[in-house]
Amino acid sequence: MSIPTTPAAMTKEEIIEKIKGFLVEEFETDAAKITPEANLRETLDLDSLDYVDLVVVIESNFGFKVVGEDFINIHTFQDFYDYCFNKVAQKTA
Amino acid sequence: MGRVVITGMGAWSCLGKNLEEVKDSLFHGRSGIILDPERKSWGYRSGLTGKVEPAQLKGLLDRRARIQLSEEAEYAYLATLEALKNAKMDMEFIEKNEVGILYGNDSSAKAVMEAIDIVRAKKDTMLIGSGSIFQSMNCTVTMNLSTIFKLKGINFTVSAACASGSHAIGLGYLFIKWGLQKQIVCGGAQEVNPYAFGSFDGLSAFSIREADPTKASRPFDRDRDGLVPSGGGATVILEDYDSAVKRGAPILAEVVGYGFSSNGEHISNSSMDGQIRSLQMALDDAKMTQHDIDYINAHATSTPGGDRAEAQAIDAVFGKAKPMVSSTKSMTGHECWMAGASEIVYSMLMMQHNFVAPNINFENPDEDSAKLNIVTKTVERNIDVFLSNSFGFGGTNSTLIIKKIK
């Protein structure tokens, strides 16, 4: 089990790189396909079971828990980055 | 009634990672037992175990398939991959036919415990992840392999303690014999980790001959002091004879007899009466007598009471013919849920390659084992018919008889 990095110490760019890193590793996706405008679900080929693992990998990397409803408004990777920025900011506020 | 044949086999055990390695270990009487220091640190009375190579499945299976496989299902997958290949049964054939799966398994302790550890630490069930449920259930092998190989026939797990693998093959034999299925993937799997065997170790059932691990498992020997836990996966492809001929499959042998019984007595003690009924039923089913059996692969696990009861049962049924007897558990340890299937694969390898593997570490008989024809050194001899015993907690007994195809 990895220890979540202290979010306060991370810039937006570092958070994006971290997200890309764990998504590539967890979902065995080609890193080049992860662009801000690409669709998260289609690019990572996520089914309902995979969303559970997405919750797990976010929690283990950032230390916050995503609730399922939050995914409704996340379509692109940029949406996902923005969501994570806000959650990290709330956590460190 | 249809004839039932074996058209493919595969194995992943402490004797090797494929049939060739396993055959070599059997022929040379090579033990797969080690002392695992981790078990001692867990508080095990005995740190002895079979050493099974971990599975490396990246490149063979995608992420979704891999995260759903328990340890024992990984072994079963590798054994089944080898068995299907040897049976010349490809995905195109499986797509067009109702191939089934009946597999023996009776625990998935590691997967369960790891999930519970996460919930205890995080207080959140979702953080267990999506793969755990498919690793944790007893039917982890059949639910995963049926999905991976796209099987469309009969599909369930047989849980019958240390006779699970044997009953799975016996039931597969009946399904095909009765004309309900044409091809069934049968086998047994057993996890090998400290979570799996703690409660068994707690019964003082394991050998504590830790100073000499390869000598610890000594079925039928006067100085045996308990079993050594082990595991892995073993698969046989059972097939209707006409189906095998039609598709030009390699026909390795014929399953001719299945006997079973329940002791109706103690939960962990063996029963000579129950075993005799199972042996006799298998002989009757095969329409054979004691004189038709060339070799018996005994269940004998190296426990004082269990081996004694089996020696008495074998002597009672085979006392005049005295066929060759060995327990391959002397090399493998007790592969538990897998044993009934792996010991069919081991005996099949002997039959194919004309030898009987030794019951290593049999140095001095006791009063009962002295009456048996126990093979202590590898014997190079033709085997036409062999019998394999498997007995489990709760008094479940299973006996299979396999005949060479001529």
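For residues that are closer than 30 Å to B:Ser207 by Cα and in a helix (DSSP H, G or I), scanning just the stretch B:43-75, find the one that is farthest from the other protein chains (Cβ to nearest Cβ).
Taking the stretch B:43-75 first, the residues closer than 30 Å to B:Ser207 by Cα are B:43-55, B:70-75.
Then drop every residue that is not in a helix (DSSP H, G or I), which leaves B:71-75.
Numbers: B:Glu71: 19, B:Glu72: 21, B:Ala73: 17, B:Glu74: 18, B:Tyr75: 23 Å.
Checking each candidate, the answer is B:Tyr75.
Scan the stretch A:70-91 and tell me whether some residue there is surrounded by fewer than 18 Cβ atoms within 10 Å (Cβ to Cβ) and within 12 Å of chain B (Cβ to nearest Cβ).
Within the stretch A:70-91, not a single residue is surrounded by fewer than 18 Cβ atoms within 10 Å (Cβ to Cβ) and within 12 Å of chain B (Cβ to nearest Cβ).
When you scan the stretch A:32-69, how many residues do you find that are closer than 19 Å to A:Lys12 by Cβ, away from chain B (no Cβ under 11 Å) and in a helix (DSSP H, G or I)?
3
Restricting attention to the stretch B:159-168, does a residue exist that is in contact with a Gly (Cβ under 7 Å, 6 or more places away or on another chain), aliphatic (A, V, I, L, M) and farther than 22 Å from B:Ala282 by Cα?
So in the stretch B:159-168, the residues in contact with a Gly (Cβ under 7 Å, 6 or more places away or on another chain) come out as B:160-168.
With the extra rule that they be aliphatic (A, V, I, L, M), the set shrinks to B:160-161, B:163, B:168.
Add one more test, that the residue is farther than 22 Å from B:Ala282 by Cα, and what stays is none.
Scanning the stretch B:159-168 turns up no residue that is in contact with a Gly (Cβ under 7 Å, 6 or more places away or on another chain), aliphatic (A, V, I, L, M) and farther than 22 Å from B:Ala282 by Cα.
Tell me yes or no: at least one residue of the stretch B:108-122 is touching a Lys or Arg at 6+ places or on another chain (Cβ under 7 Å) and surrounded by fewer than 21 Cβ atoms within 10 Å (Cβ to Cβ). Reasoning before the result, please.
Step one: list which residues in the stretch B:108-122 are touching a Lys or Arg at 6+ places or on another chain (Cβ under 7 Å), which gives none.
No: the stretch B:108-122 contains no residue that is touching a Lys or Arg at 6+ places or on another chain (Cβ under 7 Å) and surrounded by fewer than 21 Cβ atoms within 10 Å (Cβ to Cβ).
Can you name the residue in the stretch B:144-200 that is polar (S, T, N, Q) and part of a loop (DSSP other than H, G, I, E, B) and, of all such residues, is surrounded by the fewest Cβ atoms within 10 Å (Cβ to Cβ)? Step through it out loud before you land on a result.
Step one: of the stretch B:144-200, the residues polar (S, T, N, Q) are B:144, B:146-147, B:155, B:157, B:159, B:164, B:166, B:181, B:183, B:190, B:193, B:199.
In the following step, the residues that additionally are part of a loop (DSSP other than H, G, I, E, B) were identified as B:159, B:181, B:193.
Details: B:Ser159: 18, B:Gln181: 24, B:Asn193: 20.
So, considering only residues that are polar (S, T, N, Q) and part of a loop (DSSP other than H, G, I, E, B), the one surrounded by the fewest Cβ atoms within 10 Å (Cβ to Cβ) is B:Ser159.
Working only within the stretch B:266-309, note down all residues that are surrounded by fewer than 24 Cβ atoms within 10 Å (Cβ to Cβ) and of a type in the set (Val, Ile, Thr).
B:Ile267, B:Ile276, B:Thr289, B:Thr303
Being out of contact with any Gly (no Cβ under 6 Å at 6 or more places or on another chain) and within 17 Å of B:Met350 (Cβ to Cβ) narrows it down to one residue among B:Gly47, B:Gly16; which is it?
Numbers: B:Gly47 fails: within 17 Å of B:Met350 (Cβ to Cβ).
Only one candidate passes the filter, namely B:Gly16.
Collect the residues in the stretch B:96-136 that are polar (S, T, N, Q), part of a loop (DSSP other than H, G, I, E, B) and away from chain A (no Cβ under 11 Å), keeping them in residue-number order.
B:Asn97, B:Asn105, B:Ser107, B:Ser108
State which residue pairs qualify: first residue over 16 Å from B:Ser31 (Cβ atoms) and at pLDDT 95 or above and inside the stretch B:215-243, second residue among the aromatic types (Phe, Trp, Tyr) and not in a loop (DSSP other than H, G, I, E, B) in any location, beta carbons under 6 Å apart, and separation of 6 or more residues or different chains.
Qualifying pairs under 6 Å: B:Gly233/B:Trp12; B:Gly233/B:Tyr75.
Within the stretch A:7-25, can you find the residues that are within 14 Å of chain B (Cβ to nearest Cβ), under 24 Å from A:Thr92 (Cβ atoms) and either crowded, with 18+ Cβ neighbours inside 10 Å or among the β-branched types (Val, Ile, Thr) (or both)? Talk me through it step by step, then tell me what you get.
First pass over the stretch A:7-25, keeping only residues within 14 Å of chain B (Cβ to nearest Cβ): A:22-25.
Among the residues that remain, those that are also under 24 Å from A:Thr92 (Cβ atoms) are: A:22-23.
Passing the criteria: only A:Leu23.
Of all residues in the stretch B:241-261, which are surrounded by 24 or more Cβ atoms within 10 Å (Cβ to Cβ) and out of contact with any helix residue (DSSP H, G or I) (no Cβ under 8 Å at 6 or more places or on another chain)?
B:Ala244
Given the structure, is B:Asp36 surrounded by fewer than 16 Cβ atoms within 10 Å (Cβ to Cβ) and not basic (Lys, Arg)? Let's see the steps before the verdict.
Working: surrounded by fewer than 16 Cβ atoms within 10 Å (Cβ to Cβ): no; not basic (Lys, Arg): yes.
No; evaluated as a whole, the condition is false for this residue.
Quick check on the stretch B:270-301: of everything there that is within 21 Å of the chain's Cα centre (by Cα) and in a loop (DSSP other than H, G, I, E, B), which residue is nearest to B:Ser207 (Cα to Cα)?
Result: B:Thr301.
Out of contact with any Phe, Trp or Tyr (no Cβ under 8 Å at 6 or more places or on another chain) and of a type in the set (A, V, I, L, M): which single residue out of B:Val255, B:Val192, B:Val185 fits that description?
B:Val192
The values are calculated or read from the model by the stated rules, or taken from the named source; none is laboratory data. Everything numeric here is computed off the predicted structure, so don't read it as measured data. Positions of Cβ are backbone-derived with ideal geometry, glycine not excepted, and every protein chain shown enters the neighbour counts.
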